[in-house]
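*Asks:* Following this message is one structure expressed as structure tokens.
Read the figures in this text as sums done on the coordinates, not as results from a lab. This is a predicted model, so every value here is computed, not measured. Glycine also receives a Cβ, built like all others from the backbone with ideal geometry; neighbour counts cover every protein chain displayed.
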């Protein structure tokens, strides 16, 4: 090779090497520039804003989750209460059915007893119609009520006792026996004798004198003390009233 060609080739190789270094340097500069662009302040602000929005969204989602959990707990509580109510309702219905069954059974039992009672009463009335002695011995006028319980009954029994004593004294044996049978089957209430004894004691305690306090007491119990315009004696009042 000639000297001129060698020098020319050398110059070309040197130039080619310089171009490759320039290209490599340019490439490295571009990469550095790209790296700088990736971390530019504008892009960081955007990323920061995105992160903040994501944080807000995360907080909202957490709040929503909490709210939904509370609603779920409320629904579970309501479901539990509803289940308890259904259970209580079922128990009450069962008790009601049991009570109705018992009531129906009692109705049947009462109806049977009423039927038996009606039959017994009918039989009893039939016996009374066939047996006059089973009927009530005496009746009374309802428009003349008793002044105290047993007044009429005790008076009638006393009259029967007096009649029995008189029948025995007169030798009327059969009458005396019948009246004695009435007395044996009918006991007096005792109220007539008690009131008679109480009034007699009241008169004795007041000297058998119809004083003002005595008259007030008689008026209090509706016991008359006059016959027309004349005052009655204590013994007469006792005889008239008791």
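*Asks:* Just report the Cα centroid separation between segment 47-65 and segment 193-216, whole Å.
*Replies:* The two parts, judged by their Cα centres, are 109 Å apart.
*Asks:* Which ordering of 74, 152 is given by a fewest-first count of other beta-carbon atoms within 10 Å?
*Replies:* By the 10 Å Cβ count, ascending: 74, 152.
*Asks:* Subtract the Cα-Cα distance of residue 140 and residue 202 from 0.36 nm times their separation in residues, and report this length gain in nm to one decimal.
*Replies:* Once the chain is fully extended between residue 140 and residue 202, it gains 19.2 nm.
*Asks:* How big is the C-alpha Rg of segment 148-189 next to the rule-of-thumb value 2.2 N^0.38 Å, as a ratio?
*Replies:* Ratio of Rg to 2.2 N^0.38 Å for segment 148-189: 1.19.
*Asks:* Next up: Could you order peptides 67-73, 228-234, 158-164 by the average number of other Cβ atoms within 10 Å of their residues, highest first?
*Replies:* 158-164, 228-234, 67-73
*Asks:* Another one. Taking the simple approach of a point 7 Å from Cα along Cα-to-Cβ for both residue 60 and residue 183, what is their distance in nm?
*Replies:* A separation of 11.4 nm, rounded to one decimal place.
*Asks:* For segment 190-242, what ratio Rg/Rh do Cα atoms give with a Kirkwood hydrodynamic radius?
*Replies:* On the Cα set of segment 190-242, Rg over Rh gives 0.93.
*Asks:* Also: For 142, 51, what's the fewest-to-most ordering of other Cβ within 10 Å of each Cβ?
*Replies:* Arranged by neighbour count, lowest to highest, 142, 51 become 142, 51.
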